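Asker: Dropping the structure in here first, questions after.
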Amino acid sequence: DGSSLKRRHSTMWCRTSSPISVPGAGQQPLVRRTSGSRKRSKIGLLSDILSECPQNVDEIDRAHLHPDVEDVQAVGSWPQVYGASQTRVPVTKQDALRCAKVTALGLPVLTESHYPQIKKLVAEAGRYYGVSQACLTVADHKYNYPKFIWVPDLAKRVAFRKIPSCAVQMARFVEGADGKAFIKGAALKCLPGGSLCVNRGSTPCNLAIALGLPVVIPDARKDPLAGETPGDVMSVFPFYASVPIFSMDGLVVCSLCIYDKTARPKFSDDNLAMLEALADRIARHIQMLEMPVPASIVTDAPGGAGVADEVTVVFTDVEGSTSLWEASPEAMHQALELHDEAIRRLVAKHHGYEITTEGDAFQLAFHSAFAALGFCLELQTELLQCPWPAAILEHQAACASPDGAWRGLRVRMGLHTGRPSSVSRHDVTGRLSYAGPSVRMAKAIEGACHGGQILASAACFRHVDGLLPQLGSPQVVDLGEHVLKGVGLSEATPGEDGLAAVRLVQLLPKAIAPVYQRGGTAGGAVNHVGRTFPAVGSLRQVSPGFHESPGGETVALAFVMAKTLKDLLDNPSDLADTVAVMYKQCLRGVLRDSSRSGYECQELEGTFMLAFEDLEDAVRFAHALRIALRDTPWPEELRHYGPAFEEAGLQVSFGALSSGYVARCPHVSTGRADYFGTICNRSARITAAAPPGVFLLGGDLPANVDVVPSDLQATTRLTRLGRYTFKGVQESIAVHEICTVSSMGTQNEEQSQDLPVTCLLSGERCSN
């Protein structure tokens with residue numbers, strides 16, 4: 001109810017005209033005020049709300065009109081809101097300025113992939129109020145653009161997918177039996193580039209934008225001006241609420257809206273608290289588009305003004321520039337003009353900000369990792385097409401390669417996402433600058449990579465999880481964790497060299513990426529097609545990347561399955577989270593400390609896929625993992641959770657198989673080594689057949705090689721269980737159990753002989 005909302009959101013955010021608290025940022029701050037001082041919203045009938053809209057049409061300044069507007073009276077006016085011909089709301093000078101701001105910021109073409117934070121906030125509004133739809137509405141002189149549309153169940157819009165143009169997008173915007181009539185009446189369509197739009201008079205968002213106040217229509221069915229035409233959105237949604245969102249100079253650029261198919265006559269001013277709070281959070285992201293303030297947004301964290309939001313910093317530099325200048329100064333001058341023009345053009349395209357330049361090096365800031373990586377990938381491709389001077393292309397540091405992967409200046413790029421410690425304005429240039437370990441990390445990453453290479457930190461790369469197709473499906477290669485050295489990398493030593501460990505990920509446009517070895521020796525690329533690079537120039541590497549993964553003629557693949565853990569995770573609790581973390585830390589620690597070649601390919605819900613150079617190393621790992629799990633201090637609550645945990649806490653099933661493989665390539669989403677061939681399915685089937693606590697090896701073991709390490713032979717042995725056939729596998733596979741001293745003895749050996757009959761449920765025993 002309204003009182004509980006008011007209690008939960010007793011503080012709100014609003015704008016003032018004083019300078020922002022971040023020095024020199026030049027932005028109106030967002031400061032606290034109590035909900036009691038909130039500016040009154042407009043709640044009630046459309047006719048009452050419309051009577052307060054501005055009418056001074058004579059003050060229109062044509063210089064600020066939308067470039068597509070020709071007839072101000074016909075198009076520039078608010079066109080017959082809700083089909084009420086007797087009510088026209090003209091465009092004022094303020095609205096002309098507002099539309100110019102909307103166009104300058106590129107708001108009509110905002111995309112979900114570029115601004116996932118806004119998408120989450122819009123979705124939060126929809127879920128919180130339990131409405132049929134939520135969206136961000138942008139309006140210029142001609143159209144309303146519904147952005148970041150959220151609906152509770154997209155599957156219900158199947159009927160509208162038959163609409164030829166952008167059917168799914170339209171289905172997300174329209175509900176109800178009269179949806180097709182609305183599409184026709186409101187001229188719902190998609191513009192070139194995919195922006196969904198409707199006639200400006202088809203939605204009530206115009207009211208919040210015109211008044212600069214929250215607008216609520218609890219029940220449009222009671223209003224004579226609502227629903228008179230099929231193009232009126234209120235004919236579909238009788239309940240509507242909207243909160244305007246302001247630019248830094250006080251212009252309304254969009255509004256956060258919620259719609260519902262059910263009227264809400266008791267919705268009051270107090271119920272708007274959460275919607276206004278979310279709108280102000282969205283305003284921070286919108287205001288980041290108004291350069292030069294890409295990250296100088298004061299946070300709403302408890303305790304007052306905080307530091308800036310996360311920002312992705314990119315450092316670039318030209319490899320071999322000194323030798324190129326020495327060889328041909330005139331040609332290098334021309335080349336740098338092409339280089340600088342390409343960078344600045346693409347920075348603007350991806351909504352970035354140029355912080356500073358030093359020679360041929362750029363420092364850039366972006367609102368999101370997606371935008372930063374999009375810039376880097378597109379720049380690497382565009383640099384190949386630049387009309388470089390002939391003298392540049394004749395130089396060894398910029399010559400073209402036969403496969404087309406290299407041509408012209410070779411620019412290295414390092415990226416990191418984090419919160420800068422401070423944002424300030426340069427006294428001379430007036431440009432904003434960022435400082436802190438997160439910025440220095442981006443610089444250190446750039447210093448570790450090579451010309452033509454893009455390296456991102458794991459903190460940066462995780463922000464594009466699931467978005468790689470929108471980036472053109474670049475090749476991703478995980479390079480492992482490295483220790484980098486650089487000035488200011490540690491908070492404790494801001495002016496001195498510090499050390500920091502970071503996992504590095506390489507990204508390359510698909511067109512210039514190498515095709516990795518199909519079986520055989522490690523690390524190579526077929527015919528060396530595509531860009532390949534030397535090892536990263538770090539202080540040291542502390543965990544293996546793709547290039548260090550096992551890659552000989554044969555490899556031992558193993559799966560570790562925590563089958564009982566899934567029972568815990570199916571019922572989320574603090575216990576489940578704690579046990580999952582302890583288990584993963586235990587396994588990764590054993591892999592790091594007890595194996596000479598162990599490599600984690602992937603992990604999903606406690607199931608690990610691992611690779612080893614040979615079965616001997618796999619056995620060593622299995623032995624150490626069994627002991628580590630036994631000695632882990634599992635929570636006492638776990639042992640009382642069920643019979644499966646009473647004796648030994650969490651137990652796992654292990655299965656490994658050694659053979660050749662068809663291909664070893666970087667995984668398309670993670671960049672970790674991914675193996676292809678029958679070995680994958682076979683080792684997974686063997687593991688799935690093992691009950692918790694049982695460790696198995698598959699395949700006929702070599703007669704002249706003992707796969708049990710010599711230092712473990714006194715405590716570990718292999719027991720042959722027989723040959724088995726598994727689902728989807730044509731031939732039978734020999735299966736052996738890895739037994740320790742604690743599981744040996746006459747009685748246990750007899751149990752082992754019976755084990756396959758009772759426990760290898762997915763395998764059928766065919767011989768000894």
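The values are calculated or read from the model by the stated rules, or taken from the named source; none is laboratory data. These numbers were taken from a predicted model, which means no experiment stands behind them. Heads up, the Cβs are rebuilt from the backbone with ideal geometry, glycines too, and the neighbour counts pull from every protein chain shown. To get the accessible areas, we keep the full protein, side chains included, count just its heavy atoms, and leave off ligands, DNA and RNA. Shrake-Rupley method; radii C 1.70, N 1.55, O 1.52, S 1.80 Å.
Asker: Taking the residues in segment 104-121 that are surrounded by fewer than 18 Cβ atoms within 10 Å (Cβ to Cβ) and out of contact with any helix residue (DSSP H, G or I) (no Cβ under 9 Å at 6 or more places or on another chain) as candidates, determine which candidate is modelled with the highest pLDDT.
Answerer: Only one residue fits best here, namely Lys120.
Asker: Right, something else. State which residue pairs qualify: first residue within 18 Å of Met582 (Cα to Cα) and inside segment 611-629, second residue open to solvent by 30 Å² or more (accessible area, probe 1.4 Å) and not β-branched (Val, Ile, Thr) in any location, beta carbons under 7 Å apart, and separation of 6 or more residues or different chains.
Answerer: Phe621/Ser594; Ala624/Ser594; Leu629/Gln651
Asker: So, in segment 706-730, of the ones that are closer than 22 Å to Leu610 by Cα and in a loop (DSSP other than H, G, I, E, B), which residue ends up most open to solvent (accessible area, probe 1.4 Å)?
Answerer: Filtering first and then ranking leaves Lys727.
Asker: Considering only segment 570-603, state which residues are modelled with pLDDT under 90 and either at positive phi or not in a helix (DSSP H, G or I) (or both).
Answerer: Passing the criteria: Asp570, Asn571, Pro572, Ser573.
Asker: I've got another one for you. From Leu604, Leu610, grab the single residue that is within 28 Å of the chain's Cα centre (by Cα) and surrounded by fewer than 21 Cβ atoms within 10 Å (Cβ to Cβ).
Answerer: Leu604
Asker: On to the next question. Identify, please: which residue in segment 731-742 is within 19 Å of Ala622 (Cβ to Cβ) and open to solvent by 40 Å² or more (accessible area, probe 1.4 Å) and is, among those, modelled with the highest pLDDT?
Answerer: Looking at the filtered set, the residue picked out is Val741.
Asker: Moving to a separate point now. Can you confirm whether Leu468 is within 22 Å of Ser368 (Cβ to Cβ), open to solvent by 10 Å² or more (accessible area, probe 1.4 Å) and of a type in the set (A, V, I, L, M, F, W, C)?
Answerer: Yes: the conditions hold for Leu468.
Asker: Is there a residue being at pLDDT 95 or above, of a type in the set (Gly, Ala, Ser) and under 32 Å from the mean Cα position of the chain (by Cα) anywhere in segment 650-658?
Answerer: no
Asker: Turning to a different aspect of this structure: Look at Leu557 and say whether it is open to solvent by less than 10 Å² (accessible area, probe 1.4 Å) and at pLDDT below 95.
Answerer: no
Asker: Does segment 578-585 include one or more residues that are open to solvent by 10 Å² or more (accessible area, probe 1.4 Å) and over 25 Å from Phe612 (Cα atoms)?
Answerer: There is at least one residue in segment 578-585 that is open to solvent by 10 Å² or more (accessible area, probe 1.4 Å) and over 25 Å from Phe612 (Cα atoms).
Asker: If you don't mind, there's one more thing I want to ask. Based on this model, can you work out whether Gly408 counts as open to solvent by less than 60 Å² (accessible area, probe 1.4 Å), modelled with pLDDT under 95, on the phi > 0 side of the Ramachandran plot and not polar (S, T, N, Q)?
Answerer: It is false that Gly408 is open to solvent by less than 60 Å² (accessible area, probe 1.4 Å), modelled with pLDDT under 95, on the phi > 0 side of the Ramachandran plot and not polar (S, T, N, Q).
Asker: Would you mind finding the one in Glu319, Glu276 that is open to solvent by 30 Å² or more (accessible area, probe 1.4 Å) and modelled with pLDDT of 70 or more?
Answerer: Glu319
Asker: Within the bounds of segment 471-479, is there any residue that is at pLDDT 95 or above, crowded, with 18+ Cβ neighbours inside 10 Å and within 21 Å of Gly606 (Cβ to Cβ)?
Answerer: yes
Asker: In segment 560-568, is there at least one residue being of a type in the set (D, E, K, R), open to solvent by 10 Å² or more (accessible area, probe 1.4 Å) and either part of a loop (DSSP other than H, G, I, E, B) or closer than 30 Å to Thr381 by Cα (or both)?
Answerer: no
Asker: Being modelled with pLDDT of 90 or more and open to solvent by less than 10 Å² (accessible area, probe 1.4 Å) is the filter here; which residues of segment 124-134 pass it?
Answerer: Within segment 124-134, Ala125, Gly126, Val131, Ala134 qualify.
Asker: While we're on this one: Any idea which of Leu696, Leu650 is touching a helix residue (DSSP H, G or I) at 6+ places or on another chain (Cβ under 6 Å) and either assigned to a loop (DSSP other than H, G, I, E, B) or in contact (Cβ under 8 Å) with a residue 60 or more places away in the chain (or both)?
Answerer: The unique qualifying residue is Leu650.
Asker: Could you grab me the full set of residues in segment 415-447 that are in contact with a strand residue (DSSP E or B) (Cβ under 6 Å, 6 or more places away or on another chain) and in a helix (DSSP H, G or I)?
Answerer: Within segment 415-447, Ser438, Val439, Arg440, Met441, Ala442, Lys443, Ala444, Ile445, Glu446 meet the criteria.
Asker: Just wondering, is there one or more residues in segment 399-413 that are in contact with a strand residue (DSSP E or B) (Cβ under 8 Å, 6 or more places away or on another chain), of a type in the set (A, V, I, L, M, F, W, C) and part of a loop (DSSP other than H, G, I, E, B)?
Answerer: Within segment 399-413, one or more residues are in contact with a strand residue (DSSP E or B) (Cβ under 8 Å, 6 or more places away or on another chain), of a type in the set (A, V, I, L, M, F, W, C) and part of a loop (DSSP other than H, G, I, E, B).
Asker: Since Tyr641 meets every condition but one in (1) of a type outside the set (Asp, Glu); (2) open to solvent by 40 Å² or more (accessible area, probe 1.4 Å); (3) over 30 Å from Ser710 (Cβ atoms); (4) within 30 Å of the chain's Cα centre (by Cα), which condition does it not meet?
Answerer: (4)
Asker: Quickly run through segment 589-630 and pick out the residues that are out of contact with any strand residue (DSSP E or B) (no Cβ under 9 Å at 6 or more places or on another chain) and more than 15 Å from Ser710 (Cα to Cα).
Answerer: Scanning segment 589-630 gives Gly589, Val590, Arg592, Asp593, Leu604, Glu605, Ala628, Leu629, Arg630.
Asker: Are any of the residues in segment 331-346 open to solvent by 40 Å² or more (accessible area, probe 1.4 Å) and part of a strand (DSSP E or B)?
Answerer: Looking through segment 331-346, none of the residues is open to solvent by 40 Å² or more (accessible area, probe 1.4 Å) and part of a strand (DSSP E or B).
Asker: Also: Could you please give the count of residues in segment 420-464 that are more than 28 Å from Leu508 (Cβ to Cβ) and open to solvent by 10 Å² or more (accessible area, probe 1.4 Å)?
Answerer: 14
Asker: Follow-up question, since we're still on this one. Within 27 Å of Ser424 (Cα to Cα), touching a helix residue (DSSP H, G or I) at 6+ places or on another chain (Cβ under 9 Å), modelled with pLDDT under 90 and not in a helix (DSSP H, G or I), is that true of Asp309?
Answerer: Yes; evaluated as a whole, the condition is true for this residue.
Asker: Across segment 393-407, what is the total count of residues that are over 11 Å from Gly320 (Cα atoms) and not acidic (Asp, Glu)?
Answerer: 9
Asker: Still on this structure: So, Leu373, is that one under 14 Å from Asp317 (Cα atoms), surrounded by 23 or more Cβ atoms within 10 Å (Cβ to Cβ), of a type outside the set (D, E, K, R) and in contact with a strand residue (DSSP E or B) (Cβ under 9 Å, 6 or more places away or on another chain) or not?
Answerer: no
Asker: Same structure again: When you go through (1) open to solvent by less than 20 Å² (accessible area, probe 1.4 Å); (2) in a helix (DSSP H, G or I); (3) out of contact with any strand residue (DSSP E or B) (no Cβ under 8 Å at 6 or more places or on another chain) one by one for Trp388, which number turns out not to apply?
Answerer: All conditions are met except number (2).
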